[in-house]
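Comments concern the structure below.
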Amino acid sequence: MYDSSGTLLVLMHWRTPGQAKWVPLLDTTKLDRLRDGKKDEKYWPVAVAQEKFHCIILKGGERYPYFPRPLLSDFDFKIPISDDERKDKDGDEEMDGTSEVRGLEQLFVLQSTLLGLAEDLVSNTRASHTQKTELAKREIDVDKALLQLLAVECREGEERGMKALEIVGLMRDRSGRMVEAAQKVAARYGREVLGAKIREIAERRLVGLIDDDE
């Protein structure tokens, strides 16, 4: 659904009674192309395909697409998770590190949302081999986003250890490959204590003792 405020939303968990909810995939009022405030444009929705929003750009006071029909434009999904216009205490735009973390958090939320859609499909239909393969790929994409977040936390120092460990606990892969990759990330930044705790998580998962608090 594309609403009048310029937000593209997808309906999650609609196959489960009482669990359906709308989740925003893109807020077109926060597109990078509008950041300088020089463009006056709106977007006429046409399709959602291949993880992109396809639309016709309406410029100025245009309300409807004109003839001959213009070429379609497309924008990647970017789930709004916070106010992108937040400033630091000096009134300047946020530091690059904070911006990097927010971008990775957005990627994680997006990949998790796409994974949730794939899980709903596979769990509630006679899924094809291709669809099941896609589900496995989505799980890997989520873990890859978490690995990138972990690297940022490790780079920030020991005081961020608890959050780094929480990130590892969110990983979906049960083969051990992603947790092993997390150990390598911790080692790269000299985080020996964190590396030991990650090994504990790997061992607990191996024997099926992992609990929700991990």
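The values are calculated or read from the model by the stated rules, or taken from the named source; none is laboratory data. Worth saying up front: this structure is predicted, and the values here are computed from it rather than measured. Counting neighbours? That spans all protein chains shown, and the Cβs are built from the backbone with ideal geometry, glycine included. The area values use the complete protein model at the heavy-atom level, side chains included, leaving out ligands, DNA and RNA. Shrake-Rupley method; radii C 1.70, N 1.55, O 1.52, S 1.80 Å.
Between region 1-68 and region 164-197, what's the alpha-carbon centroid distance in Å? Their Cα centres are 37 Å away from one another.
What the chain shows is 64 Å² of accessible area per residue, with the surface traced by a 1.4 Å probe over protein heavy atoms.
Full-extension gain between Lys59 and Asp120, please, as 0.36 nm times their residue separation minus the C-alpha to C-alpha distance.
Gain in length upon complete extension: 18.2 nm.
When the accessible area of the chain is computed with all protein chains present and a 1.4 Å probe, what percentage of it is carbon and sulfur? Here carbon and sulfur together make up 51 percent of the probe-accessible area. For the cross-link pairs Lys144/Lys197; Lys21/Lys163; Lys21/Lys52, the ones whose C-alpha atoms lie over 22 Å apart are Lys21/Lys163. Given a 1.4 Å probe and the protein chains as shown, Phe108 ends up with an accessible area of around 50 Å².
Simple point charges give the picture: +1 on the Cβ of Lys and Arg, -1 on the Cβ of Asp and Glu, and for the chain a dipole about the Cα centre of about 880 debye. Which trypsin sites (Lys or Arg not before Pro) does region 1-76 hold that lie in a coil by DSSP with at most 10 other beta carbons within 10 Å? Here the sparse-neighbourhood loop sites are Lys38, Arg63.
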